Amino acid sequence: MIILQKKYEYKNHYKQIKEQDFLKQNIRNGSILSISQWRKTKHIIQDQKIDVAVEFSSNDCSLSDHDEISKAAMIQINFETFKDGRPFTFAKMLRRKHNFKGELRAAGHILPDQFVFLIRCGFDSVEIKEEDKDIWLELLEIDEGLYYQP
């Protein structure tokens, strides 16, 4: 898998911590935590200034003001299906209501023609298969810049 940030390709330096392997001492820079793991350890992470990502599933796109999600370095939203619009709305909410300034990444079941709309909703990057890169970039290139949504 690679990361596309608009037209640029990056290697993914984040690694997910599985629930069965989750121990506070395993959290390092570049760890991806579930929202429940974040809630259990956010104060330790903030005190030690560890750059971590928090992952959400499109089935669980909800936050409280107590989550302090703006302190995470990156948020990754995993699309369960390409037909689900909730992550688009959640991305806008993260940017506007929760004032999230870090990287916002889309992963999972996403179609290349959704790339432009991901960017418009506040996503910075997308995780895709390396062999699909050319079609993602081609569809981004042919976008006329028209906005269909306010």
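The values are calculated or read from the model by the stated rules, or taken from the named source; none is laboratory data. As the structure is a prediction and not an experimental result, all values here were calculated from the model. Because the Cβ atoms are built from the backbone with ideal geometry, glycine has one as well, and the counts that use them run over all protein chains shown. Side chains are part of the model used for accessible areas, which takes the heavy atoms of the whole protein and leaves out ligands, DNA and RNA. Shrake-Rupley method; radii C 1.70, N 1.55, O 1.52, S 1.80 Å.
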**Prompt:** On full extension of the chain, what length is gained from TYR8 through THR89, given 0.36 nm per residue of separation minus the C-alpha to C-alpha distance?
**Reply:** 26.7 nm
**Request:** Any of LYS42/LYS101; LYS15/LYS97; LYS15/LYS129; LYS6/LYS133; LYS49/LYS101; LYS71/LYS101 with alpha carbons more than 19 Å apart? Name them for me.
**Result:** LYS15/LYS97
**Item:** Accessible area expressed per residue, the range 62-134, with surrounding protein chains retained (probe 1.4 Å, Å²)
**Value:** 49 Å²
**Request:** Using the Cα centre as the reference, give the magnitude of the dipole from point charges on the C-beta atoms of the range 57-126 (Lys, Arg: +1; Asp, Glu: -1; all else neutral), rounded to the nearest 20 debye.
**Result:** 280 debye
**Message:** If the only charges are +1 at each Lys and Arg Cβ and -1 at each Asp and Glu Cβ, what is the size of the charge dipole of the range 1-113 around the Cα centre, to the nearest 20 debye?
**Reply:** 320 debye
**Asked** Which of the following values of Cα Rg over 2.2 N^0.38 Å was calculated from the structure shown: [x] 0.98; [y] 1.04; [z] 1.09?
**Response** [y]
**Message:** Running a GNM on the chain with Cα contacts under 10 Å, which residue among GLN48, GLN37, GLN16 ends up with the highest mean-square fluctuation?
**Reply:** GLN48
**Message:** With an 8 Å Cα cut-off and a minimum separation of 6 or more residues, compute the relative contact order for the chain in percent.
**Reply:** 23 percent
**Asked** Carbon-plus-sulfur fraction of the accessible area of the range 80-129, 1.4 Å probe, in percent?
**Response** 53 percent
**Fill in**
In a Gaussian network model of the chain with springs linking alpha carbons closer than 10 Å, the residue among GLU138, GLU68, GLU103 that fluctuates most is GLU138
**Request:** Considering the options VAL54, THR81, ASN12, tell which one lies farthest towards the positive end of the dipole of the chain, charges being +1 on Lys and Arg and -1 on Asp and Glu at the Cβ, about the Cα centre.
**Result:** VAL54
